[in-house]
Amino acid sequence: MTPFRDPAVKAKFDAYPKHARPKLLALRELLFQTAAATAGVGEIEETLKWGEPAYVTKNKSGSTVRMDWKQKAPDHYALYFHCQTDLVETFRTLFPDDFAFDGNRALIFAIDDPIPKDAVAMCLARALTHHLKAQLDGNQRRKN
């Protein structure tokens, strides 16, 4: 498991209920593994944003990814993405049956279901390189 660098983030994970904590820890580890295996991502900063664990690329290659479990939906947890991007819409197109979606901001997971690791890793890689892809697209348009 990737060690926690921020005591506030560790405290947040420690505070999750026993039925949700293993899923969120697995999702966190998948994020770090995906970041390490994805070209251009670089180092990930782990922090709290809006009281939720948040993951930011230090080199600004990607969009912030957050995760959380909420008391109001105790049998679910989620991965959150910046709502003003097309990330969740893209995920909905690529993986219509792999996730439940919350508008244009989140992938929702049932606590009792296995994490669809391959699909989630692809979503994470896309989010963590979102700005790189936008730069490449812009450069391509200028060349044409």
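Every read-out reported here was derived from the displayed coordinates using simple, explicitly stated rules and does not represent laboratory data. For clarity, every value in this text was computed on a predicted model and none was experimentally measured. No Cβ is skipped: glycine too gets one built from the backbone with ideal geometry, and neighbour counts run over all protein chains shown.
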- Task: Look through region 67-117, keep the residues that are out of contact with any Cys (no Cβ under 6 Å at 6 or more places or on another chain) and part of a helix (DSSP H, G or I), and return whichever of them is surrounded by the most Cβ atoms within 10 Å (Cβ to Cβ).
- Result: V88
- Item | Residue list for region 26-66, filter: closer than 20 Å to K117 by Cβ, surrounded by 15 or more Cβ atoms within 10 Å (Cβ to Cβ) and aliphatic (A, V, I, L, M) | A26, L27, L30, L31, A35, V41, I44, V65
- Message: Filter region 4-25 down to the residues that are free of Cβ contacts under 8 Å to residues at least 60 places away in the same chain and within 23 Å of P116 (Cα to Cα) and list them by number.
- Response: F13, Y16, P17, K18, R21, P22, L24, L25
- Task: Taking G62 as the residue in question, decide whether it is within 23 Å of F101 (Cβ to Cβ), assigned to a loop (DSSP other than H, G, I, E, B) and either touching a residue at least 12 places away in the same chain (Cβ under 8 Å) or hydroxyl-bearing (S, T, Y) (or both).
- Result: yes
- Checked region 34-59 for anything β-branched (V, I, T), under 20 Å from A121 (Cβ atoms) and outside any loop (DSSP other than H, G, I, E, B); matches are T34, I44, V56, T57
